[in-house]
1. Tell me which DSSP H helices of chain A clear both cut-offs, 18 Å or more of axial length from alpha-carbon atoms and a mean Kyte-Doolittle hydropathy of at least 0.0.
2. I need the helices of chain B that pass two filters: whole DSSP H segments spanning 27 Å or more by Cα along the axis, and mean Kyte-Doolittle score no lower than -1.0.
3. Test of understanding: ordering B:Arg228, A:Arg182, A:Arg25 by Cβ neighbours within 10 Å, fewest first, what list do you get?
4. Got a sec? How would A:Arg76, A:Arg127 order by Cβ neighbour count within 10 Å, fewest to most?
5. Residues of B:292-299, mean number of Cβ from any other protein chain within 10 Å of their own Cβ, rounded to a whole number?
6. I want the local charge near B:Met92. Using Cβ-Cβ distances under 12 Å, sum +1 for each Lys or Arg and -1 for each Asp or Glu among the other residues.
7. Partner chain Cβ atoms within 10 Å, averaged over the residues of A:172-185 - can you pull that number for me?
8. Rounded to whole Å and ordered largest first, report the semi-axes of the equivalent ellipsoid of region A:87-291 derived from its Cα gyration tensor (root of 5λ).
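Just so it is clear, none of the values below were taken in a lab; they were calculated from the coordinates. Quick caveat, the model's predicted, so the values are computed rather than measured. As a convention, Cβ positions derive from the backbone with ideal geometry for all residues, glycine included, and neighbour counts pool all protein chains shown.
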Amino acid sequence: MSVAVAPVRAIRPTTAVNRQTARSRWSRAVYNLIAVAIFIASVFPVYWMISSSFLPTNKVRAATPTFFPGADFTLRNYHSAIFDQARAQFWPALQNSLKVTLLTLVVTLAIAFLASVAIGRFLFRGRKTFIIAILVVQMIPGEAMMLTYFRLIDGVHGLNTIWGLGVIYIATVLPFTIWTLRGFVTAVPKELEHAAMIDGCSRGGAFWRITFPLLAPGLVATGIFAFIQAWNEFVMALIIMSRPAAMTLPVWLRTFQQATQASDWGGLMAGSTLIAIPIVIFFLFVQGRMTGGLVSGAVKG
Amino acid sequence: MSTIPIVAPGQSREESTTLPGGPRRRRPNFFPHALLTPALIVLLVLVGWPVVKLVITSFQHFGREQAFGKPATWAGFQNYTKVLTDQSFWQMLERSFAFMAVAVFVTMVLGTLVALLMQRLSRGMRNLVSVGLLLAWAMPALTSVIVWGWMFDTDYGVINYLLTKVTGHNWVGHQWLLNPVSFFVVLGVILVWQGVPFIAFTMYAGLSQIDGEITEAAQIDGASGWQRFWLIHVPHVKQVILVLVVLSVIWDLRVFAQVYALQGIGGIAEKTSTLGVWIYQKGSATGDYGLSAAAAVIMVIMMLAISFTYVRQTIEEDDQ
């Protein structure tokens, strides 16, 4: 569009500028309108989930949907989702989810940290092979391996145990975590470590005092990824944790759906909200840290 | 991750095994190998061994009895020929690829448009869009399927209600999941809704790295917005686009949880199964694990072939 404007500007600058500001004001309005539309499209399902979860059944199953709970607001769906004895139990599922997620998070970060330092800081024989391996492994679809995993975990009596499921999650998340952390390791300039060594630090001391603190954003970012993966995963959990006492939250939600023949949407929305909201809040809270400008500013600052 | 500069070129990385300023010592260093050992053990036991097991099973007659300990007999390539001559396999494959192609195209186009829009927004509006996208992105796959399933509900779903309002035609009672085509429309909506944020954020990061002066210079030289996009933006983010397309292709081909959960809400499994679900059903429903394993091996090979360019490019980047 500016092609037409450019030659005009040379002759009569004032009108051209006026026209351009008018046009840019107009396009700004259009852009803002689209932005709001994108926001609504992204947020509406989340809003709808929460809103429906606070509605009584007669309002959920109504010809005209209720867009805002208002006077009909009720916590009954949550009460029955959490306390109803006929359903799979919420608290054990919550505990299982927390345990498996924590196990995955801690073990993955520890192992991935060591490996990422190895491939990010050293040159050694087999480095390239290892890098190719962790890239290729990420392309192997876990779904294709489900039955193999089941037999493997069954073979070591790991069915319905936290570590049985955790071990699979660790293997799933590990390659990506190593690869991402490696990026953070190489982004910390070695000059920083060298400077510390010149100032009298040992090599190990320089690493722990200088490089390790700078890796914190990387550990947070990859930790979030591991957390989300383990918290949300449900296909492996479905196979490995079939016993009611061993269920994780997503499996809990699914039994719920089958038991009610998908008709109790209010209860289903309450269950979904219970699972989704912690992770969504967590995600919004930490996402600013994920990109972490800390490392890039280290040398200049 | 492409925004993180790759700091160490080969030689300077090599220096790290020596002391700064000191003489270069050329002795084998086992320290990095020690650091790698835990990761290697996990990967060998939990990825390497299952893959080997999978390949072995794919060459065996392996049914329910074998799963309970009866020794399996060798089948040669029988499982493979059975899969490759199975009509439902080819139908499923066609379905999976067609769905993937449409889903990837729509996600990429929308994601890029959102990224371009974000560049033109004020800070406040950009944050608004970011928060919205993050919310969609953070939703667990299972809950998003259930929520969308509720929104597309036959009798009480908000979508049928709104469509009735807007079109004037009565949509209430329309069963979205029963017809395979509209089942995939719903599935596509869910995947696009969750997939756009990642594409948009990554493209936005890629586009932000383009020097503003280049675009300005082109503008002064008379390049239209369209020309600037194709001649300046696209070549600059070509690598980013390539990686995003490959990743999206892989994700949308191996989509499992969403299809599986949506089939749980409604939908005919035989007509709506994609790659992963088909393999799972062959294994668990019919108990023919050998056949299922053969299909899984075929799937793994396909994924590796598709990701070949991605892996090669990533390694080249690492070498720079």
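1. Helices passing the filter in chain A: A:13-53, A:90-121, A:162-187, A:216-232, A:265-291.
2. Details: long enough: B:87-120 (50 Å, 1.14); B:180-208 (40 Å, 1.72); B:289-319 (41 Å, 0.89).
Result, helices passing both filters: B:87-120, B:180-208, B:289-319.
3. Least to most surrounded, the residues fall as A:Arg25, B:Arg228, A:Arg182.
4. Working: A:Arg76 14, A:Arg127 17.
Final ranking by Cβ density, sparse to dense: A:Arg76, A:Arg127.
5. The per-residue average across the peptide is 3.
6. Every neighbour counted, the sum reads 0.
7. Partner-chain Cβ atoms within 10 Å, mean over residues of A:172-185: 3.
8. Values: eigenvalues 289, 80, 35 Å².
Its equivalent ellipsoid spans semi-axes of 38, 20, 13 Å.
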